[in-house]
Structure formats: C-alpha cells, structure tokens
Amino acid sequence: MRKHYAGGTKDAGLNGFDLTVRRGSVCGLLGPNGAGKTTAIRVLATLLELDSGQAQVAGFDVTTQARQVRENIGLVGQYAAIDEIMSGRQNLIMFGRLNHLSSREADKRADALLEQFDLAEAARLPVAKYSGGMRRRLDLAVSLIVSPPVLFVDEPTTGLDPVGRREVWAAIRSRVADGTTVLLTTQYLEEADQLADRISMLKAGRVIAEGTPDELKGALGGDWLDIVLPLDTDKSVVMRIVESVASGPIQADDEANRISVPVIERTRALVTVARALADAQIEPQDLSLRRPTLDEVFIHLTSTNEPEAQLEPTL
C-alpha cells in the first residue's frame, strides 16, 4: 500500500507497506512517530483512501467493499470516543442502537460487555468519574458492541499508569481468547512483547522487519553480557576489557552504572570478562548473560543508517 499526504515529507505516510495477519492472532505494529502506524490503521479501517496498492480485511477489499469492511471491524483510536456526561451503560446502549441493535438487544449486549470488562459496578456512574484505565476499557467495549471479527487498536495505553495498562491488556487478551483478530499499534515495547503473536517494525512507511518477539530478539545475534559496576569504578578500564569479546556496539548506562556488551560465544565471553575483571581487581555488583530485548531490536532497526534491504536478510 502507498499513501502520501499533500505537502508531507518524503517518508511520511505509507511507502510500500506490506502486511499479512493470521486470523485469530495479535499483530503488533511498532515504529517511531511518523513511521506510518496510524495511517495504516486508517486506511485499513476505510477512513483514508489508498493512493495505490490493495488491501483486504476479513476477506473484503477496503476500496471496493468499504461497507462490508466496516461491518466486520471494531476501531479503538488513540483518544476515547465516549460521552463523559453519560454513564458507561448509556454509552454502550447508544452505540448498540447506532449499530442497528434493537432496544432489547442493546440492553443485553451492554450488560454483557460491562460484566466482561469488569465495569458492572461503575455501570451507572458518569464516565467523567472513570479512571483512565476504566475509560479505555469502556472504549474497547464500545468497539466490540457487535463482536467484530477484526479489531484495530491504535496505541491503547498511551498516558495510562501501569495499573491502567494492565487492565487494558487483560481486556484485549479476553477478545483474542474469543477468536478476534487484533492489529495493535504501540510505542511500548513491553506492550508488544506481552500481547503480540507477531510484530512488524515500521520505518518510513514500510515494514523493515517482522517475526515473533523471540525471532526479532534473535535477529541481533547472540546474547548480551550485562556488567553492573560499583560507583567508583574506572569505566574506561572495563570498556577496554569488554572490547575483546564484543560482537557489536557496546552500550553504557551511566544512570544504572551498567555496561551491556553484545556477544556471540556466551560462555567464553563470560569467563574471559570475569577473569580480566578479577585481574584488574574490579568486583562487579552483577555479571550476567541475557537475550536481547525488543527495545534493543527496535533501536537497532529504526535508527540504523543501513538500507532496509540489508536488514531484511538477517531475520
């Protein structure tokens, strides 16, 4: 798919965006601001027209069968689309009626969703009194008033505290358990790791890497050796020691007093560094091996100056 904005920068919008999502799974779209995540959602939800290319959602073409697409999707945008004066139950009933449910069906569906999203006790309170997590759960419930097979969720937990984020994650998991296919955009790496079966990383309007969270973590190759040092340690000495085992750029976190080193031969690297630190009479507070994190994959793939074509064969 391609979609450009009049007066936009060269890389804005979509520039050959390709994606396939398996039915009943969660696909996470990751990318920096301006990578094209929200544009992709809007095109697939028939809110924007393509410039070129084609797309199908639930088997229907977004250009020629837009009405059928809209009948088979739910959309949770970045901002809640609910009425704060009305109660949670009144919001759900209103959206049920707008979706052509009878009064009786709307009442029944509202009660079921309030129970499912743990909002029954607050059902008759005005939404203005809801917490951030409760509002987002209600927004999810509204999008599911007619149980769509496909759900688009655009950055659902932006601005929420950790408790609110976990509440929204639980709500999304409950929908996936019932067979809903979810396309999720997020800037939170932890969120993608928690929810997504597969992740597609975007840069400049196209997918530059995709796979399961474990596959993407393995794309950097090898493991990481983390060294947490006492505050008075001469880091320049440690940096010289770890250079001999590093398979890529070394990262230094001054706030945590930690040095992270990518390594290929994990056991040899651990033993070599431990011996060298002992010889230098440096006693680290912690010395451990771990797999790369999604954060490190994300930073590597979205900040590199290499052409994307050189990145893809590594995955």
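The values are calculated or read from the model by the stated rules, or taken from the named source; none is laboratory data. Remember, predicted model here, so these are calculated numbers, not experimental data. Cβ placement follows ideal geometry from the backbone for every residue including glycine, while neighbour counts extend to all protein chains displayed.
Filter region 63-84 for residues that are touching a strand residue (DSSP E or B) at 6+ places or on another chain (Cβ under 7 Å) and either modelled with pLDDT of 95 or more or among the charged types (D, E, K, R) (or both); which is surrounded by the fewest Cβ atoms within 10 Å (Cβ to Cβ)?
Step one: filter region 63-84 for residues touching a strand residue (DSSP E or B) at 6+ places or on another chain (Cβ under 7 Å), giving 68-69, 72-78, 84.
Adding the requirement that they be either modelled with pLDDT of 95 or more or among the charged types (D, E, K, R) (or both) leaves 68-69, 84.
Working: Gln68: 16, Val69: 22, Glu84: 12.
Of everything passing the filter in region 63-84, Glu84 is surrounded by the fewest Cβ atoms within 10 Å (Cβ to Cβ).
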When (1) buried (at least 18 other Cβ atoms within 10 Å of the Cβ); (2) of a type in the set (Gly, Ala, Ser); (3) more than 25 Å from Glu115 (Cα to Cα) are applied to Gly218, the one that fails is (1)
Arg206 passes all but one of the listed conditions (1) buried (at least 17 other Cβ atoms within 10 Å of the Cβ); (2) farther than 28 Å from Val21 by Cβ; the exception is number (2)
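Yes/no matrix, rows are residues, columns are (1) in the same structural domain as Ala192 (by TED's automatic domain parsing); (2) in contact (Cβ under 8 Å) with a residue 24 or more places away in the chain; (3) acidic (Asp, Glu); (4) under 17 Å from Arg173 (Cβ atoms):
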position: His100; (1), (2), (3), (4): yes, no, no, no
position: Arg109; (1), (2), (3), (4): yes, yes, no, no
position: Leu114; (1), (2), (3), (4): yes, yes, no, no
position: Leu119; (1), (2), (3), (4): yes, yes, no, yes
position: Leu125; (1), (2), (3), (4): yes, yes, no, no
position: Ala128; (1), (2), (3), (4): yes, yes, no, no
position: Arg136; (1), (2), (3), (4): yes, yes, no, yes
position: Phe152; (1), (2), (3), (4): yes, yes, no, yes
position: Thr158; (1), (2), (3), (4): yes, yes, no, no
Selection over region 168-189 where residues are out of contact with any Lys or Arg (no Cβ under 6 Å at 6 or more places or on another chain), crowded, with 18+ Cβ neighbours inside 10 Å and either of a type in the set (Asp, Glu) or modelled with pLDDT of 85 or more (or both) yields a count of 6
Of the candidates Ser236, Ser147, the one satisfying the condition of being out of contact with any His (no Cβ under 8 Å at 6 or more places or on another chain), of a type in the set (Ser, Thr, Tyr) and under 29 Å from Ala256 (Cβ atoms) is Ser236
Asn15: passes all of (1) surrounded by 15 or more Cβ atoms within 10 Å (Cβ to Cβ); (2) under 26 Å from Trp169 (Cα atoms) but (2)
Item to complete: For Asp11, indicate whether it is part of a loop (DSSP other than H, G, I, E, B), over 16 Å from Leu184 (Cα atoms) and within 23 Å of the chain's Cα centre (by Cα).
Response: yes
Does Arg268 satisfy the criteria of being on the phi < 0 side of the Ramachandran plot and modelled with pLDDT of 90 or more? yes
Practice problem: May I ask you to verify whether Gly164 is in the same structural domain as Ala141 (by TED's automatic domain parsing) and touching a residue at least 60 places away in the same chain (Cβ under 8 Å)? | Solution: no
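The rows are residues; the columns are (1) surrounded by fewer than 12 Cβ atoms within 10 Å (Cβ to Cβ); (2) in the same structural domain as Lys37 (by TED's automatic domain parsing); (3) assigned to a loop (DSSP other than H, G, I, E, B).
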site	(1), (2), (3)
Ala256	yes, no, yes
Arg268	yes, no, no
Thr272	no, no, no
Ala276	no, no, no
Pro284	no, no, yes
Glu296	no, no, no
Thr302	no, no, no
Checked against (1) surrounded by 17 or more Cβ atoms within 10 Å (Cβ to Cβ); (2) within 28 Å of the chain's Cα centre (by Cα), Asp118 satisfies every condition except (1)
The condition from (1) β-branched (Val, Ile, Thr); (2) in contact (Cβ under 8 Å) with a residue 40 or more places away in the chain; (3) assigned to a helix (DSSP H, G or I) that Val21 misses is numbered (3)
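Among the strands (runs of 3 or more DSSP E) contained in region 175-241, which hold 1 or more residues that are in contact (Cβ under 8 Å) with a residue 24 or more places away in the chain and outside the structural domain of Val153 (by TED's automatic domain parsing)? Spell out how you get there, then give the answer.
On the way: elements: 181-186, 198-203, 206-211, 223-228.
Because the criterion is at least 1 residues that are in contact (Cβ under 8 Å) with a residue 24 or more places away in the chain and outside the structural domain of Val153 (by TED's automatic domain parsing), the strands (runs of 3 or more DSSP E) in region 175-241 that meet it are 223-228.
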